[in-house]
1. Show me the strands (runs of 3 or more DSSP E) entirely contained within the range 17-116 in which 1 or more residues are of a type in the set (S, T, N, Q) and farther than 20 Å from residue 141 by Cβ.
2. Among the residues of the range 25-32, is any touching a Phe, Trp or Tyr at 6+ places or on another chain (Cβ under 6 Å), under 30 Å from residue 308 (Cβ atoms) and surrounded by fewer than 19 Cβ atoms within 10 Å (Cβ to Cβ)?
3. Give 261, 215, 238 a once-over and let me know the one that is within 35 Å of the chain's Cα centre (by Cα), more than 16 Å from residue 289 (Cα to Cα) and among the small types (Gly, Ala, Ser).
4. Do we find that residue 152 is assigned to a loop (DSSP other than H, G, I, E, B), open to solvent by less than 30 Å² (accessible area, probe 1.4 Å) and either at positive phi or touching a Cys at 6+ places or on another chain (Cβ under 6 Å) (or both) in this structure?
5. For the condition open to solvent by 70 Å² or more (accessible area, probe 1.4 Å) and either within 17 Å of residue 45 (Cα to Cα) or touching a residue at least 24 places away in the same chain (Cβ under 8 Å) (or both), what is the one hit in 129, 144, 88?
6. Would you confirm whether or not the range 250-258 contains a residue that is of a type in the set (S, T, N, Q), within 16 Å of ligand 2 (Cβ to nearest atom) and under 17 Å from residue 11 (Cβ atoms)?
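The values are calculated or read from the model by the stated rules, or taken from the named source; none is laboratory data. In this text the structure is predicted, and so the values were computed from the model without any measurement. For neighbour counting, all protein chains shown are included, and Cβ atoms are generated from backbone atoms with ideal geometry for every residue, glycine included. Note: areas computed on protein heavy atoms with side chains; ligands, DNA, RNA excluded. Shrake-Rupley method; radii C 1.70, N 1.55, O 1.52, S 1.80 Å.
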Amino acid sequence: MISVIDARDSVLNRVQLLGTERVDIFSALDRVLAEEVFATRNQPPWDNSAMDGYAVRAEDTASASGASPVVLEIIEHLAAGYRAGKSVGRGQAIHIMTGAPVPDGADTIIRSEDTEQVDDSHIRVRTSVPEGKDLRRAGEDLTVGDRMLPAGKRIRPAEIGLLASTNRTHVSVYRRPRVAILSTGDEIVDVDEDISDGKIVDSNSYSLTALVLEAGAIPIRLGISRDTREELERNLRAGLAGDVIITSGGVSVGEFDFVKAALDALGTSMEFWKVAMTPGRPFAFGTIQDTLAFGLPGNPVATMVTFELFVRPALLKMSGASRLYRPTVRALLLSDLHKSSGRKQFLRMQLFERDGQLYATQTGAQGSGILKSMSLADGLAITHEDQTSIRGGEEIEVMLLGGEWNLAGARCC
Ligand code: AMP
Ligand code: MG
């Protein structure tokens, strides 16, 4: 049986980068940049004032002190967004607002609060101001030709602001993966169907659709397939329109588990069938032409956990991302935890913080059909294959499942 790490490497080795498309910068939010973006001009474009005050010549204030103040003549009032009509000469000042271009002749700014008004056209200065004080220099954020954003960067609000600030309205990003999702099982019915004769409502295609959307990909919902090789084959063939096919159920060794046979019939090159993990041991992965096929286990928790570990990094990689994995944190285990040897176990954990220390506790019963254990979870504990128990008080690594946090360590305000 293949290990989790080897299985993940094997999946990622098969991933091909998708093509690119040009989109407006709002549509680029959360997508991955497919081009290097260079600054086409300086930002800010010119020296400008960082304060409301007076643009002056530093030299004119050099002798200013409480005992011997300097009086300067105000020759102009300059709002942001305009250029001065005059240049600052000896003994002169231009009243300047934050963001206005620094007038010719001036080499520093004296803040309004460091001046006294003598009359409408004069100020008194009691301290000297060094050259370059409270100036924002042209190009201090970006200099023309700077590599502003590298390809592979995920576009967040800051990147959208940066692009706009240098007049970019469109960028090239990687295409979103199209992901076909198929539930399998004679017992599986859709949410609005009758379950009275022993049926089970399809939750997997719903959690998977949400996981696909959350990973920035486009779901193609193929519905539910009966457990016959023919019907599975027909449905999988429809899924070849996608970059990825995900099935759930039908990958164990039961009498009605035909997903493998159907994938074989389509000419899938299978990479592996079983992974040494709980939940999620029956888990198939292969490639059919350019499409990656993931046969996820049917149990709802196993479906979600195997998606997190194998499908999500693959979707991120094909969409150009350079960061593929969820972050992990280290936390102290609250009570003893037992597991079987030989497999990595991914237990659903709740995290909480007390006195600056992070603690982890299991989210109740951990059966792979107990979907509530995922809903309650902040993350998945990552255990080692050879461990059989971990004692309360020992440190454990937890892979976060996203979302916001109430942890003191992350508190900013
Ligand atoms: P299987 O691997 O097909 O034997 O499925 C394992 C378990 O997962 C069975 O109890 C199924 O009823 C359940 N299961 C399979 N597919 C789904 C689904 N789409 N939604 C909810 N439960 C499912
Ligand atoms: Mg089944």
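1. Working: elements: 20-24, 53-56, 70-78, 92-96, 108-111.
So the answer is 20-24, 92-96, 108-111.
2. First, pick out the residues of the range 25-32 that are touching a Phe, Trp or Tyr at 6+ places or on another chain (Cβ under 6 Å): 32.
Cutting the leftovers down to under 30 Å from residue 308 (Cβ atoms) gives us 32.
Still in the list and also surrounded by fewer than 19 Cβ atoms within 10 Å (Cβ to Cβ): none.
No - not one qualifying residue is present in the range 25-32.
3. Values: 261 fails: within 35 Å of the chain's Cα centre (by Cα); 238 fails: more than 16 Å from residue 289 (Cα to Cα).
Testing whether each residue is within 35 Å of the chain's Cα centre (by Cα), more than 16 Å from residue 289 (Cα to Cα) and among the small types (Gly, Ala, Ser) leaves just 215.
4. yes
5. Details: 129 fails: open to solvent by 70 Å² or more (accessible area, probe 1.4 Å); 88 fails: open to solvent by 70 Å² or more (accessible area, probe 1.4 Å).
Of 129, 144, 88, the one residue that is open to solvent by 70 Å² or more (accessible area, probe 1.4 Å) and either within 17 Å of residue 45 (Cα to Cα) or touching a residue at least 24 places away in the same chain (Cβ under 8 Å) (or both) is 144.
6. First, the residues of the range 250-258 that are of a type in the set (S, T, N, Q): 252.
Subset that is within 16 Å of ligand 2 (Cβ to nearest atom): 252.
Going one step further and asking which of them are under 17 Å from residue 11 (Cβ atoms), we end up with none.
No, the range 250-258 has no match at all.
Conditions (1) touching a residue at least 24 places away in the same chain (Cβ under 8 Å); (2) closer than 24 Å to residue 175 by Cβ, marked per residue:
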residue: 195; (1), (2): no, no
residue: 212; (1), (2): yes, yes
residue: 245; (1), (2): yes, yes
residue: 266; (1), (2): yes, yes
residue: 304; (1), (2): yes, no
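Listed here are the residues, each with its yes/no results for (1) among the small types (Gly, Ala, Ser); (2) outside any loop (DSSP other than H, G, I, E, B).
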{"residue": "118", "(1), (2)": "no, yes"}
{"residue": "123", "(1), (2)": "no, yes"}
{"residue": "139", "(1), (2)": "yes, no"}
{"residue": "144", "(1), (2)": "no, no"}
{"residue": "148", "(1), (2)": "no, yes"}
{"residue": "158", "(1), (2)": "yes, yes"}
{"residue": "164", "(1), (2)": "yes, yes"}
